[in-house]
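A.B. asks: Before I ask anything, let me first share the structure, which is written out below as structure tokens.
The values are calculated or read from the model by the stated rules, or taken from the named source; none is laboratory data. Just so it is clear, the structure is predicted and the values come from calculations on it, not from any experiment. Virtual Cβ from ideal backbone geometry, glycine too; neighbours counted across all protein chains shown. To get the accessible areas, we keep the full protein, side chains included, count just its heavy atoms, and leave off ligands, DNA and RNA. Shrake-Rupley method; radii C 1.70, N 1.55, O 1.52, S 1.80 Å.
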Amino acid sequence: MSELKITIGITAFNCGKYLHDAIRSVLDQDTDHWSGLLILDGGADKKTKQIFQEFDHPKFQKYAFKENQGPYGTRAMAIELSKTDWYYQLDGDDLLPKNAIKLILETIETNPHAEFVYGNCEHFSNNSFRIKTPIKDPGALCVGPLFNAQSPIKISLFERIGGFSDELFINADWDFWLSVYDNNITGAYTDNLLYRRRQRVNNVGTEYIHLRPKIVEKIIQRHPDFFLDDQRKNETRFNCYQKLARYYKSIGDRKSAAKYAQEALKYGDSIPAFDTIFREEKMSFLRYKLRRLGRFV
């Protein structure tokens, strides 16, 4: 392997105990052709702050924000501090497979004109996992990136696209990859596992899920060529509102669940979950509480 290196940026907010594992997954890489950055967002929980303060390693540089920047402000800072041509994002509750960096660097070397690398991603929790391969249909960009949004990129690509939009506190990575597609920028695919994404409740996306409708409209406005077709706009809006409906159903807010299910129906056909949502909305308070209790017994 040549002297090509990549910067791995770990961004941390309320990661707690998971941050140790994220750092260890970098230190355990089977190549040392990387530099590390550990970025602490302002307002992080006590456990995350403690791990950040105690961690010290010669291959890592640390940076702490006093004020909360959100996921994309911290990522942008990591990219700004990088001293290599390539950058790889690792969220503080996720993991890198042991051979990820070696595979990425090999892919870059054999595809010198590529501006990003993408591969397979494992989505896992305490009791399940599944491997997601990249989606080939560009139309799927209506609902999110075609592959793992944390895929490694050339820093020059990030600068050329204009970084993450300041208008988007969430879903700025989806917006970024839409811009990559809009500009016909190509990457290199490797049929290997490059990232392990942890599925957990109370992540940033869930915390700010109420912002999603406004974010979706801004993304549609920012990509007029991609969303020229009304069918794509409708698919994007339907996906947004059905996810909100299902989320509020899951937390027992049946009024909000029904409201968003009704909104979704303006843009697409009904799905089985909506039938349940509308039935639950009409139930008496006691019957609904007993139904909820039964799910957890």
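A.B. asks: Explain nothing, just compute: Karplus ³J(HN,Hα) = 6.51 cos²θ - 1.76 cosθ + 1.60, θ = phi - 60°, for every residue of the range 232-247 in order, whole Hz, x for Gly and Pro.
C.D. replies: 5, 4, 5, 5, 5, 5, 4, 4, 4, 6, 5, 5, 5, 4, 5, 5
A.B. asks: If r is the Cβ-Cβ distance from Thr110 to Tyr181 and R0 is 22 Å, what FRET efficiency results, to the nearest 0.05?
C.D. replies: Efficiency at R0 = 22 Å is approximately 0.45.
A.B. asks: Ignoring any ligand, DNA or RNA, what whole percent of the accessible area of the chain comes from carbon and sulfur when the probe is 1.4 angstrom?
C.D. replies: 48 percent
A.B. asks: What GluC sites (Glu not before Pro) in the range 1-77 are in a loop by DSSP, with at most 14 other Cβ atoms within 10 Å of the Cβ?
C.D. replies: Qualifying residues, ordered by number: Glu3, Glu67.
A.B. asks: Which chymotrypsin sites (Phe, Trp or Tyr not before Pro) in the range 189-256 sit in a loop by DSSP (not H, G, I, E or B) and have at most 15 other Cβ atoms within 10 Å of their own Cβ?
C.D. replies: Hits after loop and neighbour filter: Tyr208.
A.B. asks: Something else: Suppose only helical runs count, i.e. DSSP H with n ≥ 4. What mean residue ellipticity at 222 nm does that imply for the chain under -39500 (n - 2.57) per run, divided by all residues and rounded to the nearest 500 deg cm²/dmol?
C.D. replies: -13000 deg cm²/dmol, from helical runs alone.
A.B. asks: Measure out, as a whole number of angstrom, how far apart the alpha-carbon centroids of the range 250-282 and the range 165-214 sit.
C.D. replies: Taking the Cα centre of the range 165-214 as reference, the centre of the range 250-282 is 26 Å away.
A.B. asks: How much of the DSSP bridge set in the range 1-131 is antiparallel, in percent, rounded to the nearest 5?
C.D. replies: For the range 1-131, the DSSP antiparallel bridge percentage is about 15.
A.B. asks: Okay, next question. What trypsin sites (Lys or Arg not before Pro) in the range 98-190 are in a loop by DSSP, with at most 14 other Cβ atoms within 10 Å of the Cβ?
C.D. replies: Those that pass, being in a loop and sparsely packed, are Lys98, Lys136.
A.B. asks: Residue separation times 0.36 nm, minus the C-alpha to C-alpha distance between Ser270 and Thr84: what's the value?
C.D. replies: 62.1 nm
A.B. asks: If you don't mind, there's one more thing I want to ask. Strictly over 20 Å apart at the Cα level, which of Lys17/Lys102; Lys17/Lys49; Lys259/Lys282 would you flag in this model?
C.D. replies: Lys17/Lys102
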